[in-house]
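Here the structure is laid out as structure tokens; the discussion comes afterwards.
The values are calculated or read from the model by the stated rules, or taken from the named source; none is laboratory data. Model, not experiment: these values are computed from the prediction. Glycine also receives a Cβ, built like all others from the backbone with ideal geometry; neighbour counts cover every protein chain displayed. With ligands, DNA and RNA removed, areas are computed over all heavy atoms of the protein, side chains included. Shrake-Rupley method; radii C 1.70, N 1.55, O 1.52, S 1.80 Å.
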Amino acid sequence: MRFDVLTLFPEIFQGYLTQSILKLALDKGIVEVHLWNVRDWAKGKHKSVDDRPFGGGPGMVLMPEPVFDAVEAVQAKAPEPAILIMLTPSGERLTQTVVRELAGNSRLLLLCGRYEGFDERIRLGLTPREISVGDFVTNGGEVPAMVVIDTVIRHVPGVLGDADSVKEESHSDPGRVEYPQYTRPRVFRGMEVPEVLGSGNYQEVARWRREQSEARSRKSQ
């Protein structure tokens, strides 16, 4: 699966791309992440990508021309057209259902905003799919883009060592969270691992996990 990320700060991703499961997927060639600086498509002496908002107000707004040029140029970097994703607080909520849907595509182009956001004509002209990672505002779209990449790659075949790992994770079913997990030592500071988990009775273990999951799910709602 290929991700193209359009951002004003590609260096933010450098540490992220060198760690953990994502790095292994990149090394195996299962996943590709390509970083593109929107400023490379800006014109003029100062390579400006933002300007003051019409009508007044605080901050700066991303200009449409460099964003349009960047998206159109990056779309042409691979034969398979990408699904354009705009990371914005006003987008649809990123859920596990949306993640699975996105994972069904071979290429995503993630558009990261900054400052006061995008000129509205970017939304109107490029018609991206708009996604929000929560009801809050980050300093830019880079961290939300990492969230999208991190969640989506878990559904790409070969990324996880055990493909069944995603089946019982929290939110695999809407509203369902995972059961508690334990490992050694059996007793730690007076807290013991539930006896059923060491019983060897896999039907009882499955029942206990199901009950714990249901109880946690009710509590989280």
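Go through the stretch 19-42 residue by residue and tally those that are outside any helix (DSSP H, G or I) and either surrounded by fewer than 16 Cβ atoms within 10 Å (Cβ to Cβ) or among the aliphatic types (A, V, I, L, M) (or both).
Adding up the residues that qualify gives 9.
In the stretch 172-200, which residues are over 20 Å from K219 (Cβ atoms), of a type outside the set (S, T, N, Q) and outside any helix (DSSP H, G or I)?
If the condition is that a residue be over 20 Å from K219 (Cβ atoms), of a type outside the set (S, T, N, Q) and outside any helix (DSSP H, G or I), then R184, P185, R186, V187, F188, R189, G190, E192, V193, G200 are the ones that fit.
Which members of the stretch 116-137 meet the condition of being surrounded by fewer than 17 Cβ atoms within 10 Å (Cβ to Cβ) and either within 16 Å of P10 (Cα to Cα) or touching a residue at least 60 places away in the same chain (Cβ under 8 Å) (or both)?
E116, G125
Filter the stretch 82-100 down to the residues that are closer than 18 Å to I30 by Cα and open to solvent by 60 Å² or more (accessible area, probe 1.4 Å) and list them by number.
The one that is closer than 18 Å to I30 by Cα and open to solvent by 60 Å² or more (accessible area, probe 1.4 Å): R100.
Tally up the residues in the stretch 170-188 that are closer than 30 Å to V99 by Cα, without any contact (Cβ under 8 Å) to a residue 12 or more places away in the chain and of a type in the set (V, I, T), please.
Summing the residues that are closer than 30 Å to V99 by Cα, without any contact (Cβ under 8 Å) to a residue 12 or more places away in the chain and of a type in the set (V, I, T) in the stretch 170-188 gives 1.
Looking at this structure, is P58 at pLDDT 95 or above, more than 17 Å from the chain's Cα centre (by Cα) and not hydrophobic (A, V, I, L, M, F, W, C)?
Criteria not met by P58.
Pick from the stretch 104-154 the residues that are within 12 Å of the chain's Cα centre (by Cα) and in a loop (DSSP other than H, G, I, E, B): which of them is nearest to P64 (Cα to Cα)?
By that ranking, first place goes to G141.
Between a residue in the stretch 189-218 that is closer than 17 Å to D173 by Cα and any residue that is exposed (fewer than 12 other Cβ atoms within 10 Å of the Cβ), which pairs come within a Cβ distance under 9 Å, given they are 6 or more apart or on different chains?
S217/G175
Going by the structure shown, is E101 part of a loop (DSSP other than H, G, I, E, B) and acidic (D, E)?
No.
With respect to S90, is the statement that it is hydroxyl-bearing (S, T, Y) and modelled with pLDDT under 95 true?
Against the criterion (hydroxyl-bearing (S, T, Y) and modelled with pLDDT under 95), S90 qualifies.
Do we have any residue at all in the stretch 157-169 that's outside any loop (DSSP other than H, G, I, E, B), modelled with pLDDT under 95, open to solvent by 80 Å² or more (accessible area, probe 1.4 Å) and under 30 Å from H34 (Cα atoms)?
Scanning the stretch 157-169, I find at least one residue that is outside any loop (DSSP other than H, G, I, E, B), modelled with pLDDT under 95, open to solvent by 80 Å² or more (accessible area, probe 1.4 Å) and under 30 Å from H34 (Cα atoms), so the answer is yes.
For every residue, the table says whether it meets (1) out of contact with any helix residue (DSSP H, G or I) (no Cβ under 8 Å at 6 or more places or on another chain); (2) small (G, A, S); (3) without any contact (Cβ under 8 Å) to a residue 12 or more places away in the chain; (4) in a helix (DSSP H, G or I).
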residue: L17; (1), (2), (3), (4): no, no, no, yes
residue: P58; (1), (2), (3), (4): yes, no, no, no
residue: P89; (1), (2), (3), (4): yes, no, no, no
residue: T97; (1), (2), (3), (4): yes, no, no, yes
